[in-house]
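The values are calculated or read from the model by the stated rules, or taken from the named source; none is laboratory data. Small disclaimer: the values here were computed from a predicted structure and weren't measured. So basically every Cβ, Gly included, is an ideal-geometry build from the backbone, and we count neighbours across all protein chains shown. For accessibility, only protein heavy atoms count, side chains too; no ligands or nucleic acids. Shrake-Rupley method; radii C 1.70, N 1.55, O 1.52, S 1.80 Å.
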Amino acid sequence: MADGSELVKYVTVRVARYIETPKAVRKQKRKETKVTKEHWLVRWFGLAPLGLMVWWRSRRASESSDDK
């Protein structure tokens, strides 16, 4: 890949494939990807911060219900 021809070929194939797929299929694939994508906290730090966040929110909710 000294002259970049492989990169140009790769990008051209990807763009052609994208253009050839129908818009409805692209939209459906985007929705599926969004649904299956995990939260950024889990992806970056694992389940511990997510667990702390859930615990903190439930703690705050119980405090506000106790104040009434």
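Of all residue pairs spaced 6 or more apart or on separate chains, those with beta-carbon atoms under 8 Å, a first member in the range 25-49 that is part of a helix (DSSP H, G or I) and a second member that is open to solvent by 80 Å² or more (accessible area, probe 1.4 Å) and not polar (S, T, N, Q) are Arg26/Tyr18. Checked across the range 50-62, the condition of being open to solvent by 100 Å² or more (accessible area, probe 1.4 Å), out of contact with any helix residue (DSSP H, G or I) (no Cβ under 9 Å at 6 or more places or on another chain), modelled with pLDDT under 85 and not in a loop (DSSP other than H, G, I, E, B) holds for at least one residue.
Scanning the range 3-24 for residues that are of a type in the set (Ser, Thr, Tyr) and either touching a Pro at 6+ places or on another chain (Cβ under 9 Å) or part of a helix (DSSP H, G or I) (or both) returns Ser5, Tyr10, Thr12, Tyr18. Take the residues in the range 6-44 that are hydroxyl-bearing (Ser, Thr, Tyr) and surrounded by 10 or more Cβ atoms within 10 Å (Cβ to Cβ), then tell me which one is farthest from Val54 (Cα to Cα). Checking each candidate, the answer is Thr12.
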